[in-house]
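Undergrad: My questions all concern the structure below.
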Amino acid sequence: MSLPTHKPTDLAAWEALSEHFKSQKSLDIQACFDQDPTRLDTLSTVWEDFYVDFSKNRWTPETKQLLIDLAKQAGLGEAVDAYFSGEKINQTENRAVLHTALRSLNNDAVFVDGENVAPGVSETLAQMKSFSEKVISGSWKGHSGKPITDIVNIGIGGSDLGPAMVVEALAYYRNHLGVHFMSNVEGDHVQEVLKPLDPETTLFVIVSKSFTTQETLANAQTSRKWFLDQVGDESAIANHFVAVSTNLEQIDAFGITSENVFPMNDWVGGRFSLWSAVGLSICLAVGGDNFSALLQGAGAADQHFKSTPYEDNIPVLMALLSLWYNNFWGAETHAIIPYTQYLRSLPAYLQQGIMESNGKGVDRLGNAVDYTTGNIIWGASGTNAQHAFFQLMHQGTKLIPADFIGFKESLYGEDSHQQKLMANFIAQTQALMVGKDRQTVEQELKAQGKSTTEIETLAPFKVFEGNRPTTTLLIDKLTPKSVGSLVAFYEHKIFVEGILWNIFSYDQWGVELGKQLANNILKADPEQQKALDPSTQALLQKTSK
Ligand code: F6P
């Protein structure tokens, strides 16, 4: 069975939403609360330690119902079954999409090409945990007998962003190991990562699903040379280099022995792979038990997504709102604002997750779409973001739906800071919604003793029109489990969006052209260069040595 191939704009619910939207253009979120005393209850949901408040959005219970109708008409139910059961829903790469199998709470059997993948998942997880335990305890030694002190994750895209984001998110739960991330092909970055390290106590984890990625291979070779230049003995590589990949042949060619290879499967996409062996540096940083808790959190979110009616289904509602803003309100971007420094890299991580997945302009039948898809994702941690780009969110001309993510408890019990953090977290969504009208501004200026002329001059600049939409995700505490659930919710949001937009979310052909041309540029001789456009030729001349 393949995924449904409806054109969303042909569905009856889309038609109904278009009609409904005409009456919603002047919707005032704050006024909706006065008109409907049940609004908060209908438009918020509680699941485990998550409270998600969708009520400060430009929608009503009627909108929600129409969007749910759309999801049903789009065949979301059968698509979810296909997703979880290992069907090859990544049709353009002929692959299943089974990151959910990596965190299945009961290690349920899932079949790909007739083979149950669950035993292999358990085996790799056991291998990761046992290896991590040895490195953390110091029983895994470097070539000179010293324990490992530093890990370097060499990878890019999904082989970097997920592990880097989670290692940072779980800093509170970390052990003594220093964990570093080397991703960019820029040599200066490579040297800066290597600079403080001691080859005798450093372990390199080379992570590349394909093991053909230019950046990762170049960085791995440079790190290998750096290591051998100081250590001088090739046999020492076995104690200091391990690899995570599907491409075992290439790893062998690099000189890493088979016992130092952590396998991954082609049914796990790069940007959804932190739950696989790609998460080895997470497992090393926080230990096997915390890594398991991360998986359990994601597994519990999977169950919620699979079995909760759409009315209370967190990722489904996130996706429906996203479509509502994209396709009806014309919003182009979506801001992610975590109110914790621990999650400061979540926006960058979700940029890949969301934009590489749903930045597609061709539908599942191969036709160019005539409706918008994808979202430009951006954001930063609060309260820092308040002092950077919130001006535009409050008074700019763009409609920017935003997710505010906060935690009730501070990990170090810093209550006075926590109160201030939460006050800001709550006040910002309130301010974005309620705004400040001209009359209030004038009264405030008057109370400050301003003259009538001064009030006239200043007032327009101090008005906030409000009615700016936000979703609040309030979570009890930042733990490996809650981080796992949070990330899994966004993954499922991506899936639902892709189904509704009738696009393939799990390929990424759009990154190939640039790679191909970079290779051509590297190889091009002066004769071939003459065939290039004048701008590219000039840039080549200016950068060639
Ligand atoms: O260039 C895009 C991409 O293919 C991502 O999808 C992927 O996460 C990244 O490159 C790294 O790929 P690999 O793990 O194969 O090195």
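The values are calculated or read from the model by the stated rules, or taken from the named source; none is laboratory data. Fair warning: this is a prediction, and the values are worked out from it, not measured in the lab. Cβ coordinates were reconstructed from backbone atoms using ideal geometry, including for glycine residues, and neighbour counts include every protein chain displayed. These accessible areas exclude ligands, DNA and RNA; they are computed on the full protein's heavy atoms, side chains included. Shrake-Rupley method; radii C 1.70, N 1.55, O 1.52, S 1.80 Å.
Undergrad: What is the residue count in region 233-253 for residues that are open to solvent by 10 Å² or more (accessible area, probe 1.4 Å) and away from the ligand (no atom under 12 Å from the Cβ)? Let's see the steps before the verdict.
TA: In the first step, residues of region 233-253 are kept if they are open to solvent by 10 Å² or more (accessible area, probe 1.4 Å); the result is 233-235, 238-239, 246-250, 252-253.
From the residues that got through so far, the ones that are away from the ligand (no atom under 12 Å from the Cβ) too are 233-235, 238-239, 248-249, 252-253.
So the count comes out to 9.
Undergrad: In region 336-385, how many residues are of a type in the set (Phe, Trp, Tyr) and either within 24 Å of Gly269 (Cβ to Cβ) or open to solvent by less than 10 Å² (accessible area, probe 1.4 Å) (or both)? Steps first, please.
TA: From region 336-385, those of a type in the set (Phe, Trp, Tyr) are 339, 342, 349, 371, 378; that's our starting set.
Now narrow it down to the ones that are either within 24 Å of Gly269 (Cβ to Cβ) or open to solvent by less than 10 Å² (accessible area, probe 1.4 Å) (or both): 339, 349, 378.
Result for region 336-385: 3.
Undergrad: Right, Val316: away from the ligand (no atom under 16 Å from the Cβ) and open to solvent by less than 10 Å² (accessible area, probe 1.4 Å) or not? Spell out how you get there, then give the answer.
TA: On the way: away from the ligand (no atom under 16 Å from the Cβ): yes; open to solvent by less than 10 Å² (accessible area, probe 1.4 Å): yes.
The answer is yes for Val316.
Undergrad: A further question follows. Please work out which residue is most open to solvent (accessible area, probe 1.4 Å), limiting yourself to region 490-516 and to residues that are within 15 Å of the ligand (Cβ to nearest atom) and among the charged types (D, E, K, R).
TA: Lys515
Undergrad: Which residue is most open to solvent (accessible area, probe 1.4 Å), if the candidates are limited to region 172-222 and must be within 16 Å of the ligand (Cβ to nearest atom) and in contact with a His (Cβ under 9 Å, 6 or more places away or on another chain)?
TA: Here the residue is Ser183.
Undergrad: Collect the residues in region 137-164 that are within 12 Å of the ligand (Cβ to nearest atom), touching a residue at least 60 places away in the same chain (Cβ under 8 Å) and outside any strand (DSSP E or B), keeping them in residue-number order.
TA: Here is the first cut: in region 137-164, the ones within 12 Å of the ligand (Cβ to nearest atom) are 153-163.
Going one step further and asking which of them are touching a residue at least 60 places away in the same chain (Cβ under 8 Å), we end up with 153-159, 161-163.
Selection gives Gly155, Ile156, Gly157, Gly158, Ser159, Leu161, Gly162, Pro163.
Undergrad: Does Asp81 fit the bill of being open to solvent by 70 Å² or more (accessible area, probe 1.4 Å) and outside the structural domain of Asn265 (by TED's automatic domain parsing)?
TA: Working: open to solvent by 70 Å² or more (accessible area, probe 1.4 Å): yes; outside the structural domain of Asn265 (by TED's automatic domain parsing): yes.
Yes, satisfied.
Undergrad: I'm told Asn326 meets every condition in (1) buried (at least 18 other Cβ atoms within 10 Å of the Cβ); (2) touching a strand residue (DSSP E or B) at 6+ places or on another chain (Cβ under 8 Å); (3) farther than 30 Å from Gly279 by Cβ; (4) not small (Gly, Ala, Ser) except one. Can you identify the failing condition by its number?
TA: Here Asn326 clears every test but (2).
For (1) over 23 Å from the mean Cα position of the chain (by Cα); (2) on the phi < 0 side of the Ramachandran plot; (3) in a loop (DSSP other than H, G, I, E, B), each residue gets a yes or a no:
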residue: Leu3; (1), (2), (3): yes, yes, yes
residue: Lys22; (1), (2), (3): yes, yes, no
residue: Leu27; (1), (2), (3): yes, yes, yes
residue: Val46; (1), (2), (3): no, yes, no
residue: Val52; (1), (2), (3): no, yes, no
residue: Gln65; (1), (2), (3): yes, yes, no
residue: Ala79; (1), (2), (3): no, yes, no
residue: Lys88; (1), (2), (3): no, yes, yes
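Undergrad: It is to be established whether one or more residues within region 133-145 are under 24 Å from the mean Cα position of the chain (by Cα), farther than 23 Å from Gly353 by Cα and among the small types (Gly, Ala, Ser). Talk me through it step by step, then tell me what you get.
TA: Taking region 133-145 first, the residues under 24 Å from the mean Cα position of the chain (by Cα) are none.
Within region 133-145, not a single residue is under 24 Å from the mean Cα position of the chain (by Cα), farther than 23 Å from Gly353 by Cα and among the small types (Gly, Ala, Ser).
Undergrad: When you go through (1) assigned by TED's automatic domain parsing to the domain that holds Met264; (2) open to solvent by 70 Å² or more (accessible area, probe 1.4 Å); (3) free of Cβ contacts under 8 Å to residues at least 12 places away in the same chain one by one for Asn116, which number turns out not to apply?
TA: It is condition (2) that Asn116 fails.
Undergrad: Hey, can you tell me all the residues within region 257-289 that are touching a residue at least 12 places away in the same chain (Cβ under 8 Å), under 22 Å from Gly145 (Cα atoms) and either within 15 Å of the ligand (Cβ to nearest atom) or of a type in the set (S, T, N, Q) (or both)?
TA: Hits for region 257-289 are Thr257, Asn260, Val261, Ser281.
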